[in-house]
Structures are given as structure tokens and as C-alpha cells.
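Visitor: Dumping the structure here so I can ask a few things about it.
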Amino acid sequence: MATRWMFTAWFGALVLAIVPVGPVAGQKAEVMIDLADRLGPLEIGRIALGQGGLSEQPMFESRIPELRALRPKMIRLFIQEYFNLLPEPGKYDFAKLDRVVDVIRATGATPLMCICFKPPVLFPEINQDIVERNDYAAWEELIRQLVSHYRKRGDGIRYWEVMNEPDIGEWGGCPYRFQPDSYCRFYQHTAKAILEADPEAKVGGPALANVRSPILPALLRLAQAGEAPLHFVSWHVYSSDPGAIRRTIDYVRELLGQFPGLQVELVLDEWNMDLFNPPLDARFQPCFIVEVAWQMKEARLDWSCYFHIRDWHVEQETFRRFMSPEGAAFMARWWNRMPQFDGLFDYQNRVRPAYFAFKLLSRLQGERLRLESNHPAVHGFATHDPEMRMYNLLVWNFSDATVPAIIRLKNLPAKLRARHITLDAAAPCDDENVRLRPEPFFQIDPGSAELNVELGPYAVHYWSLE
């Protein structure tokens, strides 16, 4: 769980105000889509989801059908201390955690397991800066028991992440604050135990709050020297500028270039708008989501996890059991008093417009088609879905100005029936047919065709061709 108010001041290079994309008023957009030019699988399900470390309750259990409809391949799960995995020395209890894992599996996703719990049995003093034991044996055995448990259950879990935001400790919602050397030692022992229990697992981290923390290059040096396995690197960013999010990917890829022996996946497993000062235009967030998805695909990111699925009030007393009074109070202030814009579902479990952005993204199954735009604010995806036997087009305008657009379709293989849908984030109703407002079907002849559309501010439009 990443609580983000301090980042505007601390990490201004990453968390920026909305940055204009360039002159857009009056500039017409031309979008070209070639239905015969296939670029390979889009794998949109890798732009996946996560849930904050807020409660041992299965927070989105009542929304399993809605989440299955989004078709995420992964859901990141915090293994936080409230699961009480080690209630006493040598005794392991995975029952509470099993419930949440079962809910994730029911959505069709597999969990990314983020290890960020701190058993009082092993760490009797509450202090975020006490991050290691003199004797790692009990910790390693706990990790072996945990990983073995889920391997035996057959849950298909492959990704194990060592820690959450270790660079900021309690301000990131977890009771550990590391330095580069202590994190590397902790990672070595934890990764060793994971792979002893499941040699097919993928281990990684450090899930940084600040991607430029010195913890990441220290971990890369450790792996390059052959002193620890590393299958993926992970980090977080909260910014209302999709370009700033893209630049974190570019930075990590550039940093990895200094370690040519490493072959690792890139996992941006928390992202959203600047949640301390979010844009209040209801149209912004859904368009922001699809624009960030496009930036991620253009940057060849392997995985991402949107933060998060459902907003949830925390119990301050729960966090007092493993956090300082200041840390527990911060958790309660952030989640119980701050206006929240994180979840696809709000505190009352109502669906937000952001959900429908992921709903449209989920329709982009199959092979990606070439789509080119001459406009800096207008981007899109196009796919051919052989199972559904249809084409899918998603085009948007990430700007606060109306942009007239002409969409040119090439190599239409046959006479196709088309339907146009507009995502209406400002409508006063959450009915899906209101949020995803349909227009009547129309016919498109073989060969070439043009679609003319006015893309309003932060507009998201979808066409199906079948």
C-alpha cells in the first residue's frame, strides 16, 4: 500500500502536476489503422491490478464477477502482518491468507505475493528501522513454510516480491525501513528460502516508492555478482502525468543497461494519479488509465498493477500491533479521512468510472494492429480477436481541449457491422449502458473506410467491428 501525500514534496521529479501534451486546440487528429498489419499479441491482461495492504478481509470478494470481466492476469497481494502467519514460535497459520488467495484465483488471476509482514515473534520491538535478525534461520523457515504451502495447494503462484516500499517504511504502509545494505542481506535470505521451497518461483523487488532510491542499484549489483537470484525488478509511481510514469520505465531500463548480465522483467506494480492532489474532473481518470496503458505498452513494460481494486477503511488498532503510534495514525488519517480516488470501487463498493476504462481495455484481446496518430494527445489501440471473430478499436484524447478526429481504416476484409461506444464518466448513473453509451450498429464496406468523431476533453471511444 502506498500512501502518497509526501511525494509531491519529496520526489517532485516523479510526481508531477498535469503536463500539457502540446498545442491541441483546433488541431485535427488523423488516426490510421491497418487491419492487415498485425504486430503480435497485445497481452492487455498484463496491465493488471493490485489491492492495498489494508485488511485481512477479502476486500473485493463481492466483486469477483466484475473483476473476472476485466480479465487481469495478475493481482498483487500484500502479505501484511494482520494475517498473523506466525502466531507463536514454530506454529504457522495460513487460513486468513488462504481466503484472500482464493478470492484472487476466483477472478481468474494469479497472485503476485508481496512479502511485507513482520511477526512480533521474530521482531518483538516495534521499530521500522529494525529490519534484520541476528539469526535468519527462523525467518527463512517461515518463508519456506509459506511458499511450500501455496505450492502444495496448486495455486499457480510464481511471483514472490521481497518487501513493499522499503525505502520509506511506515509511510508506505509497511513496518520495514531499509538501507541498501540491509535490504540486500534481507533479500538474499528471503529469496534463498523462496527458491528452496519452489525452484520454479520468480523472485524480485524492491517495490520502491522512489524508483531512484539507491536500494535498486545495490540489488542489481548483488544479482550481477551472482550473490542472489533476481527475476524481476519492481517500483511504484503516482503522477497525473503519464509521461512521468513512462520516464520511470525508461530510467529502470537505462539502469539495467549497466548490468548486461541480468535478464529481468520490469514490474510497475503500483501506479495511479497523484492521489494527494488528484484532478477532480470525472473524465480525467478513465482517460488517464488508457493513456498510461498505451505508454506502458510503448515502453515494453512486462507487468503493471493498478492501485487498487477497492477503497477500504482501516482499523487503527490493527496497525498499532506492528507499527509505531505515528505510523498507525498516519494509516488511519490517510484511509479514513482523506478523499480517496484509488479504487475501481469506492468505500461503499460502488463502481467508479475508472472500472469502465479497464472494461474497455479488457476487450482488446488477440493481436495488436498497427495504429498511428499524428496528434500528441490522441492515441489508441486496435486488435483482432480471433476467438470472438471481431476487431476492436479504442481511441482517446488525453487533453482538456476538443479534438476533431478522422479515423482511417485500411484493409477491411469484408462487409462488417460496426458499433460505436463512448465512455461517459460524467453521467449521474453507474449503469453500464449509461457509462459505456452505445450507438446503433452501422455497416462498413470492404476495403477502406473513414470514421469522423469529435473527441471531447479526456474522451474515450470504442468501436467493435464484426
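Visitor: Treating only the Cβ atoms of Lys and Arg (+1) and Asp and Glu (-1) as charged, compute the dipole magnitude of region 315-466 about its Cα centre; round to the nearest 20 debye.
Guide: My answer is approximately 180 debye.
Visitor: Could you state the angle between the C-alpha long axis of helix 215-224 and the longest principal axis of the C-alpha atoms of the chain, as a value from 0 to 90 degrees rounded to the nearest 10?
Guide: 80 degrees
Visitor: Then there is this: Can you tally the net charge around residue 318? Count Lys and Arg as +1, Asp and Glu as -1, for every other residue whose Cβ sits under 10 Å from the Cβ of residue 318.
Guide: Details: positive: 320, 321; negative: 56, 81, 315, 317.
Result for the local shell: -2.
Visitor: Hey, how many Å between the Cα centroid of region 80-129 and the Cα centroid of region 423-458?
Guide: The distance from the Cα centre of region 80-129 to that of region 423-458 comes to 44 Å.
Visitor: Related question: Measure nothing fancy, just the Cα-based angle from helix 325-337's long axis to the longest principal axis of the chain, in degrees from 0 to 90, nearest 10.
Guide: 20 degrees
Visitor: Okay, next question. Could you rank 126, 75 by how accessible they are, 1.4 Å probe, largest area first?
Guide: 126, 75
Visitor: Only sites in a loop by DSSP and with at most 16 other Cβ atoms within 10 Å count here; which chymotrypsin sites (Phe, Trp or Tyr not before Pro) in region 348-402 make the cut?
Guide: Listed in order of number, the matching sites amount to none.
Visitor: Using a probe of 1.4 angstrom, how much of the accessible area of the chain is carbon and sulfur, in percent?
Guide: Numbers: 8670 of 17830 Å².
Carbon and sulfur atoms account for 49 percent of the accessible area of the chain.
Visitor: Here's another thing I want to ask about it. Expressed in nm to one decimal, what extension gain is obtained for the pair residue 138 and residue 317 from 0.36 nm per residue of sequence separation less their Cα-Cα distance? Numbers along the way, then the final one.
Guide: Values: separation 179, 0.36 × 179 = 64.44 nm, distance 2.69 nm.
Extending this stretch completely gives an extra 61.8 nm.
Visitor: A follow-up question, please. Can you tell me the dipole magnitude for the chain around its Cα centre, using point charges on the Cβ only (Lys, Arg +1; Asp, Glu -1), in Debye to the nearest 20?
Guide: Rounded to the nearest 20 debye, it is 720 debye.
Visitor: Of (i) 67, 63, 54; (ii) 72, 46, 40; (iii) 68, 51, 46, which is the value of Cα extents along the principal axes in Å derived from the coordinates here?
Guide: Checking each listed value against the structure points to (ii).
Visitor: Do any cysteines in the chain lack another Cys Cβ under 4.7 Å, and if so which?
Guide: Flagged as lacking a Cys partner: 114, 184, 287, 305, 429.
Visitor: With label points built 7 Å along Cα→Cβ from the Cα atoms of residue 39 and residue 277, find their separation and express it in nm.
Guide: 3.4 nm
Visitor: Expressed as a whole number of Å, what is the distance separating the alpha-carbon centroids of region 297-353 and region 54-79?
Guide: 13 Å
Visitor: Relative contact order of the chain, please, whole-number percent, based on alpha carbon pairs below 8 angstrom and at least 6 residues apart. Each step should come with its number before you reach the end.
Guide: Working: 1031 pairs, mean separation 95.3, N = 466.
Relative contact order, the chain: 20 percent.
Visitor: Between residue 337 and residue 151, what length in nm is gained on full extension when 0.36 nm per residue of separation is reduced by their alpha carbon distance?
Guide: Contour length minus Cα-Cα distance gives 63.0 nm.
Visitor: On to the next question. Using DSSP to define loop residues, name the trypsin sites (Lys or Arg not before Pro) in region 278-318 whose beta-carbon has at most 12 other beta-carbon atoms within 10 Å.
Guide: Taking region 278-318 and a limit of 12 other Cβ atoms within 10 Å, the loop trypsin sites (Lys or Arg not before Pro) found are 300.
Visitor: Computed FRET efficiency, Cβ-Cβ of residue 158 and residue 130, R0 30 Å: what is it to the nearest 0.05?
Guide: Efficiency, from the Cβ-Cβ distance: 0.45.
Visitor: So how much slack lies between residue 30 and residue 200, counting 0.36 nm per residue of separation and subtracting their Cα-Cα distance, in nm?
Guide: Stretched fully, the residue 30-residue 200 segment lengthens by 56.5 nm.
Visitor: For the chain, give the share of DSSP beta bridges that are antiparallel, in percent and rounded to the nearest 5; count only bridges with both residues there.
Guide: Of the beta bridges lying entirely in the chain, close to 50 percent run antiparallel.
Visitor: P(r) for region 145-257: what percent of alpha-carbon pairs falls in each 10 Å bin, starting at zero?
Guide: Percent of Cα pairs in each bin: 14, 42, 34, 10, 0.
Visitor: Ok, one more. Output the pairs from 192/359; 73/152; 96/152; 28/297; 96/192 with a Cα-Cα distance over 27 Å in this structure; if there are none, say none.
Guide: Pairs exceeding the cut-off: 192/359.
Visitor: In addition: List the residues whose amide H sits under 5 Å from the amide H of residue 265, counting only those 5 or more places along or on another chain, with H placed 1.01 Å from N in the peptide plane.
Guide: Result for residue 265 returns 232, 233.
Visitor: Something else about it: Kindly provide the helix-only [θ] at 222 nm of the chain, computed as the sum of -39,500 (n - 2.57) over DSSP H runs of four or more divided by all residues, to the nearest 500 deg cm²/dmol?
Guide: That comes out to -8500 deg cm²/dmol.
Visitor: Relative to the first principal axis of the alpha-carbon coordinates of the chain, what is the inclination of helix 180-197, with its axis defined by its Cα atoms, in degrees from 0 to 90 and to the nearest 10?
Guide: Approximately 90 degrees, to the nearest ten.
Visitor: I want to check the label-to-label distance for residue 374 and residue 122. Put each point 7 Å from Cα in the C-beta direction and report it in nm to one decimal.
Guide: For residue 374 paired with residue 122, the spin-label model returns 6.0 nm.
The values are calculated or read from the model by the stated rules, or taken from the named source; none is laboratory data. Model, not experiment: these values are computed from the prediction. Cβ sites come from the backbone with ideal geometry, for glycine too, and all protein chains shown count toward neighbours. For accessibility, only protein heavy atoms count, side chains too; no ligands or nucleic acids. Shrake-Rupley method; radii C 1.70, N 1.55, O 1.52, S 1.80 Å.
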